[in-house]
Amino acid sequence: MNIVWTLAMAALGLALASSLAGLFATARRPALLRGLSLPLFALSGLAALACGLLALANGGSTTLQLPLGLPWLPWQLRLDALSGFFLVLLGALTLAVGIYGVGYVRDFERGRDQLPPLGAFSGLFLLGMELVLMADGAYLFMVAWELMTLSSYFLVAFQHDNAANRRAAFLYLLMGHISGLCILLAFGVLASFSGSLAFAAMRAAHPDFLWASVAFALAFTGFGIKAGLVPVHAWLPEAHPAAPSHISALMSGAMLKVAVYGFLRVVFDLIGPLHWQWGVVVLTVGSLSALLGVLLALMQTDLKRLLAYSSVENLGIVFIGLGLSLIFLGTDHRLLGALALVAALYHALNHALFKGLLFMGAGAILHSAHERDLDRMGGLLRRMPWTGTFFLIGSLAISGLPPLNGFVSEWLTFQAALQTWQLHSGLLRTLIPAAAAVLALSAALAAAAFVKAYGVAFLGRARTRHVRRARQVPVSMRVGQGLLALGCLAAGVFPSTVIAWIARVPQSLLGTGLPQAGAQGWLWLTPVSPTTASYSAPGVLFALLVLAGLTAWLVHRGAVRRVRRSDAWDCGLTPPTPRMQYTATGFAQPLRRVFGAWLRVDEGVDAGEGATPRHRLQITDRSWALFYAPVVRVLDRLTRLVTRMQAGHLRVYLAWTLGTLLLLLWVVTL
């Protein structure tokens with residue numbers, strides 16, 4: 001067994017050991033969760049990170065068979081550039097989450113929640129994700145997929161005393177099983193042509209366009225549900241806020257990317273020749289997800305729900321890149337297809353870094369201030385300076401501002417979209433610029449959403465007693481956030497180096513890399529050619545540092561007049577109070593008016609206690625009324641019909657049994 005598989009087995013074994021150690025973290029031994037289970041969890045992430053880097057460096061593929069599974073269907077594992085990249089993503093985030101969790105779970109030791117389920121299912125959740133990335137057959141893939149889904153269900157339902165958490169967990173489990181069923185049917189279609197559940201056999205078989213499209217539709221639906229794409233995203237803003245914050249970071253940052261991996265594995269690797277019509281579908285759904293996700297994020301006052309809806313937006317951006325890649329590859333523009341694929345993978349990595357960081361920041365606020373409502377926060381930067389600094393880095397990164405990482409991947413996606421002139425189809429030359437415009441609008445709205453989130457939460461004055469009493473979080477939580485903040489900065493400042501590693505994935509899948517991306521050295525990024533477009537992240541960082549140094553020097557020399565600080569002019573009324581500050585609800589009000597047609601807004605004034613009126617505002621997702629409510633009504637009618645059949649009389653049941661037997665006999669004799 002070579003070093004790559006040694007690290008892979010270490011990652012799997014440490015994840016399983018973390019789960020087993022968590023089982024013994026009872027109320028009498030709570031320190032086992034912090035002292036053993038979570039360190040093993042972090043070490044599993046470190047081993048997965050090292051394994052993924054080696055798999056990327058090797059570029060080729062290597063396989064291993066485990067003595068598990070069924071006698072005629074053993075577990076086959078495979079590592080290549082694609083699985084290596086996602087192992088790097090998963091491992092980096094898991095390492096930070098494991099360190100962060102050591103401080104975060106202290107609150108659960110003093111509460112009524114049981115610690116063994118948290119430790120045990122966290123380890124199994126990680127084990128399931130790692131096995132999905134290594135599986136080389138449909139059988140092991142589905143076993144690992146269900147392990148990932150079921151273990152994360154128990155983590156979403158961890159604080160089950162809250163009825164909203166139980167509802168969110170049920171919705172998540174329901175959508176997860178629909179997702180798994182669609183993926184299983186997609187594998188069934190491919191297996192019918194290959195005659196085997198092994199990925200190698202599926203890779204060699206090439207179904208015709210009709211059946212390949214059926215497999216694509218099933219795979220896109222199944223993995224799209226898990227990725228939280230519109231309109232099958234309703235579970236995501238319910239489930240992610242319900243889970244403990246370090247698990248929310250792992251679900252949003254890693255689990256959604258496992259769905260992206262599954263889509264890439266099936267569509268780009270197993271189905272066979274790619275068709276541009278598939279890209280049109282993916283591009284359209286990705287664009288709708290990006291726009292609707294960021295609009296709903298902008299309207300939220302619950303910080304964790306805001307971050308969850310933002311994940312819908314960012315996964316939409318990832319699938320915009322994948323849609324562009326399918327279109328370019330389907331029209332035989334392989335270099336442009338590789339560019340769009342690299343942009344999508346880069347954004348998947350970036351989202352894992354900054355969304356994990358932001359969920360950790362929300363968890364730190366919840367840990368210290370016991371608040372999730374933005375309208376009840378304020379002034380946290382003075383009380384939690386480290387968390388405020390890290391959250392600012394994450395907010396700048398997710399807003400797509402240079403020199404941080406979010407800008408690079410979105411810029412690469414735009415560069416791919418700007419090459420539309422090379423296509424001959426008028427439909428595609430109209431659709432892709434429209435998608436690029438949606439991407440630009442989504443990026444602007446995302447910046448507004450996180451200006452709101454950061455400004456209302458960390459600036460101004462504290463609005464509640466809990467926030468006024470907030471203190472800095474434990475060192476382990478700061479270290480976990482700091483690692484991801486450094487990752488956001490490094491992935492933004494050295495994009496040529498990052499792309500040199502990511503480009504090994506399209507080289508492995510498509511036989512085409514990006515040779516021009518780093519042709520000018522690490523200082524300049526030239527994705528297509530130096531004459532087309534270029535970007536220097538180190539140059540931007542240097543210019544910002546020079547500007548900051550010059551500003552500090554001018555202030556120190558007195559060239560800039562010092563500002564006298566005093567209370568704002570209040571027109572002779574009472575002194576300013578925290579209630580006079582801008583709220584998250586008020587911040588979003590102008591955009592709520594502009595995009596009200598996209599949202600379901602219930603706003604008005606109700607009579608409050610006594611004679612005091614109260615403002616009422618409720619914003620719900622239109623997808624509930626359009627897609628989910630009709631299904632619920634149909635199921636409710638069907639269940640009522642079935643209930644009528646259960647009359648409680650033996651003769652009625654015998655009649656139904658006789659009728660069923662006669663029907664079966666008639667069918668058999670046809």
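If neighbour count is taken as other Cβ atoms inside 10 Å, put SER476, SER179 in order from fewest to most.
Working: SER476 19, SER179 23.
Placing the least packed residue first, the sequence is SER476, SER179.
At 222 nm, what value in deg cm²/dmol follows for the chain if DSSP H runs of at least 4 each add -39500 (n - 2.57) and the sum is divided by all its residues, to the nearest 500?
Using -39500 (n - 2.57) per qualifying helix, the result is -22000 deg cm²/dmol.
Under unit Cβ charges (Lys, Arg +1; Asp, Glu -1), what dipole magnitude, rounded to 20 debye, does region 184-329 have relative to its Cα centre?
Approximately 180 debye in magnitude.
Relative contact order for region 141-237 using alpha-carbon pairs under 8 Å, separation at least 6, rounded to a whole percent? Let's see the in-between values first.
Working: 82 pairs, mean separation 26.2, N = 97.
Computed value for region 141-237: 27 percent relative contact order.
May I ask you to derive the relative contact order of the chain, considering only C-alpha pairs under 8 Å and at least 6 residues apart, and to give it as an integer percent? Don't skip to the answer; put the middle values down first.
Details: 1146 pairs, mean separation 77.6, N = 670.
The normalised contact order for the chain reaches 12 percent.
Can you tell me the FRET efficiency between ASP332 and SER196 if r is taken as the Cβ-Cβ distance and R0 is 30 Å, rounded to the nearest 0.05?
Working from the Cβ atoms, E equals 0.50.
With a ≥ b ≥ c the root eigenvalues of the C-alpha gyration tensor of region 622-668, is it rounded (a/c under 1.5), prolate (a/b larger than b/c) or oblate?
In terms of gyration-tensor shape, oblate.
Using the beta-carbon distance between CYS571 and ALA444 and R0 = 30 Å, what value does 1/(1 + (r/R0)^6) give for FRET efficiency, to the nearest 0.05?
0.30
What full-extension length gain, to one decimal in nm, is calculated for LEU73 and HIS206 as 0.36 nm per residue of separation minus the Cα-Cα distance? Don't jump to the answer; show the numbers that get you there.
Numbers: separation 133, 0.36 × 133 = 47.88 nm, distance 2.27 nm.
Extending this stretch completely gives an extra 45.6 nm.
What's the ranking of 620-633, 160-173 by average number of surrounding C-beta atoms within 10 Å, highest first?
Put in order of decreasing packing, that is 160-173, 620-633.
Using the Cα centre as the reference, give the magnitude of the dipole from point charges on the C-beta atoms of the chain (Lys, Arg: +1; Asp, Glu: -1; all else neutral), rounded to the nearest 20 debye.
Here the chain has a charge dipole of around 1980 debye.
Could you pull out every one of the lysines with an alpha carbon less than 16 Å from that of LYS355, ignoring same-chain neighbours closer than 8 positions?
LYS257, LYS304
From the Cα gyration tensor of region 367-511, with a ≥ b ≥ c the square roots of its eigenvalues, which class applies: rounded if a/c is under 1.5, or else prolate if a/b is larger than b/c, or else oblate?
oblate
Based on the alpha-carbon gyration tensor of region 57-117 and its eigenvalue square roots a ≥ b ≥ c, which shape applies: rounded if a/c is under 1.5, prolate if not and a/b is larger than b/c, or oblate?
Since a/c reaches 1.5 but b/c is at least a/b, the shape of region 57-117 is classed as oblate.
May I ask which residue of LEU315, HIS367, THR62 lies farthest towards the positive end of the charge dipole of the chain, with charges of +1 (Lys, Arg) and -1 (Asp, Glu) on Cβ and the Cα centre as origin?
About the Cα centre, the residue reaching furthest to the positive side is HIS367.
Counting other C-beta atoms within 10 Å, which of LEU256, LEU664, LEU181 has the fewest, and how do the rest follow?
LEU664, LEU181, LEU256
At 7 Å along Cα-to-Cβ for each site, give me the label-to-label distance between ARG465 and ARG622 in nm.
Here the answer is 4.4 nm between the modelled labels.
FYI, it's all coordinate maths here, none of it is from the lab. Quick caveat, the model's predicted, so the values are computed rather than measured. Glycine also receives a Cβ, built like all others from the backbone with ideal geometry; neighbour counts cover every protein chain displayed.
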